[in-house]
Amino acid sequence: MAQLEGDQKAQLKGCEARPASQRQVQPHHLVLLGAPGVGKGTQAELLSTRLDACHLSTGDIFRSLKTLSDSERTPTMTRALEYMRRGELVPDEIVLGLVAERGRNLLRSGGGFLLDGFPRTVAQAEALDTALARHNIQLEAVLEYELPIGKIVARLSGRRICPNCQAVYHIEAHPPKVSGICDICGAALYQREDDRPEAVHVRMEVYKKSTAPLIEFYRNEGLLVAISAEGTPEEVFERTILALQQRQDKVAKTMVER
Ligand code: AMP
């Protein structure tokens, strides 16, 4: 995976080096959980700016492998892409290998972070706990975005992406001004391979089997904060900020009472 190291900055969004004096006193360390299509990526982007935290998306890391030429791509990378195309999870050992280097840089930076799409299995969550303990970092909360399945499928199948500036559209809820063309940069929009109906079906099954158990894992750790993902991205964002404030107040109150 060494070839990718130069791309790391592009995949860790919102991580521009800031002088220590400009950083938040208490950096935020958050995990975003939820089925594909609930809008985790959009919320992570919005939160990254508001909370001054790095956004690490494992889905973006895997998608970036597609831009490599055949000679640059290792057999492991090709294998990872095959899993992704089918809508299946990439095996833990590949994910952990890929995240390790980026994760180390993130944990050493002393800034905040938002993990989007990672962890996805209990084994990944355990590996994350071990890495965090090594750096003496505690997760602040795990935000679990909830949406009924019918709405998830509608969101995913109508989603269109700009390959150039990564803007996200929806053919009904947020269509571009000219059908199929990005409003911002004029590139032709595309549908992610794993947003096609057959892959969406697999992704939902995979989510139920592998990722849903994480909800129980984090509930047991006392970290879970459930947030409704209904409505516009701005509404969900305001709900998220409110839920984080309420959690901070609750944690502060518990500390005073001790
Ligand atoms: P996402 O953009 O987060 O929905 O991820 C797109 C695809 O990348 C998933 O359907 C998986 O194939 C793969 N992927 C992303 N993150 C992980 C992860 N933490 N573990 C396993 N596979 C992942």
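Assorted remarks:
- Residue satisfying all of: in the range 118-154; of a type in the set (D, E, K, R) and in a strand (DSSP E or B); surrounded by the most Cβ atoms within 10 Å (Cβ to Cβ) among these: GLU144
- Scanning the range 166-191 for residues that are free of Cβ contacts under 8 Å to residues at least 24 places away in the same chain and under 18 Å from LYS40 (Cα atoms) yields a count of 6.
- Number of the exception - LEU106 against (1) within 23 Å of LEU46 (Cβ to Cβ); (2) over 15 Å from the mean Cα position of the chain (by Cα): (2)
- Of the residues making up the range 108-117, at least one is among the polar types (S, T, N, Q), more than 16 Å from the ligand (Cβ to nearest atom), outside any helix (DSSP H, G or I) and touching a Cys at 6+ places or on another chain (Cβ under 9 Å).
- ALA187 being at pLDDT 90 or above and away from the ligand (no atom under 15 Å from the Cβ): yes
- Hits in the range 148-184 - residues which are out of contact with any strand residue (DSSP E or B) (no Cβ under 7 Å at 6 or more places or on another chain) and among the hydrophobic types (A, V, I, L, M, F, W, C): ILE149, ILE152, VAL153, ALA154, LEU156, CYS162, CYS165, ALA167, ALA173, VAL178, CYS182, ILE184
- Selected residue (criterion: nearest to the ligand (Cβ to nearest atom)) from residues of the range 21-78 that are touching a strand residue (DSSP E or B) at 6+ places or on another chain (Cβ under 9 Å) and of a type in the set (Asp, Glu): ASP60
- Residue in the range 165-188 that is assigned to a helix (DSSP H, G or I), among the charged types (D, E, K, R) and more than 25 Å from ALA133 (Cα to Cα) present: no
- Test: residue in the range 17-37 that is aliphatic (A, V, I, L, M), surrounded by 15 or more Cβ atoms within 10 Å (Cβ to Cβ) and in a loop (DSSP other than H, G, I, E, B): yes
The values are calculated or read from the model by the stated rules, or taken from the named source; none is laboratory data. Keep in mind that this is a model prediction, so the values were computed, not measured. Every residue, glycine among them, receives a Cβ derived from its backbone with ideal geometry; neighbour counts consider all protein chains shown.
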